[in-house]
Amino acid sequence: MALKKKRPQKSLAAGRPPILQRQPKSITRKSTKALINKHHLLEKRKKQALAKGDDAGVAAIDAEIQALGGLEAYQKASLQGQREDRGGDSSRVLMDWLQPCLTAHKEGSGRMLKMLEVGALSTQNACSQSGYFDITRIDLNSQGEGILQQDFMERPLPKDDSERFDIISLSLVLNFVPDPKGRGDMLRRTTEFLRAAGRYLEAPSLTTNFPSLFLVLPAPCVTNSRYLDEERLVVIMGSLGYAKVESKTTQRLVYYLWRREGKGIARRFRKEEIRAGPTRNNFAVVLG
């Protein structure tokens, strides 16, 4: 009796349906954070070298930035943080806060509100898709972060109310400014671009939240700094004429909505230690 020839066994992989093919992995959270932090550190060192006139040092730092992948790699890491599994689009928090008054506004006069979005990473975020805002963007996709800060600080001041904004978004921008005084200057300058308080007679539903500043920072900037906590931030913002309307703290980020209430009272805030400890970071905001 002839023996039957055994058929070669197919591996499990060979019979796997094509729909189960693995998708490319995203950058890990740890790698993303390390790349962003390194990029920030190099930009800070570059600014210091520029201030000293150290051309060789600037060139060496530029080479390090390029070795990391340059602006393109930084953009990818920043955008990665807006994935659903990384916490998502920060402007969704803003839309949750604003939705009640925006809905009432749309049922009334319904004019588009003007937003200045500094450091825009995506045109597909919640604010862009809401239909409530006419958005002007200082776009990170076309500029480096150092240029981003410079563009905002050197942007011509509005001539009248028609050129001012109802809201400014600084989402993960202030923390990139390399020195405490520069951060204070940026916060002060935001007041120059906002409509004056009480200019919403045609739309009273907006007065609870506008004109306003949406500010997002890495949580440790406020929760673990030697020089800044929420109480001090509230006082600093108050001196600029802002009042805190909303806030939210997660493991990674802090979100704030500040309503502009007036010109404020000019005060000086130096870099003063308010919390000691070897594990604290040095994030600070200084107003001269």
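When ILE236 is tested against (1) over 30 Å from ALA104 (Cα atoms); (2) open to solvent by less than 40 Å² (accessible area, probe 1.4 Å); (3) without any contact (Cβ under 8 Å) to a residue 24 or more places away in the chain, only condition (3) is not met. Looking across segment 79-99, the residues that are open to solvent by 50 Å² or more (accessible area, probe 1.4 Å), modelled with pLDDT of 90 or more and of a type outside the set (Asp, Glu) come down to ARG92, GLN99. For LEU170, state whether it is assigned to a strand (DSSP E or B) and surrounded by 16 or more Cβ atoms within 10 Å (Cβ to Cβ). For LEU170, the condition - assigned to a strand (DSSP E or B) and surrounded by 16 or more Cβ atoms within 10 Å (Cβ to Cβ) - is met. Under the condition of being over 17 Å from ASN175 (Cβ atoms) and free of Cβ contacts under 8 Å to residues at least 60 places away in the same chain, the residues counted in segment 239-253 number 6. Scanning segment 103-127 for residues that are in contact with a strand residue (DSSP E or B) (Cβ under 9 Å, 6 or more places away or on another chain), modelled with pLDDT under 85 and part of a helix (DSSP H, G or I) yields a single hit, HIS105. Here SER205 fulfils each of the conditions (1) touching a helix residue (DSSP H, G or I) at 6+ places or on another chain (Cβ under 7 Å); (2) over 21 Å from PRO100 (Cβ atoms); (3) at pLDDT below 90; (4) buried (at least 18 other Cβ atoms within 10 Å of the Cβ) apart from (2).
Considered as a group, the residues in segment 177-202 that are within 15 Å of the chain's Cα centre (by Cα) and surrounded by fewer than 21 Cβ atoms within 10 Å (Cβ to Cβ) include one that is modelled with the lowest pLDDT, and that residue is PRO178.
The values are calculated or read from the model by the stated rules, or taken from the named source; none is laboratory data. What you are looking at is a predicted structure, and each value in this text was computed from that prediction instead of being measured. Glycine gets a Cβ as well: all are built from the backbone with ideal geometry, and neighbour counts include every protein chain shown. Please note that ligands, DNA and RNA were not included when accessible areas were found on the heavy atoms of the full protein model with its side chains. Shrake-Rupley method; radii C 1.70, N 1.55, O 1.52, S 1.80 Å.
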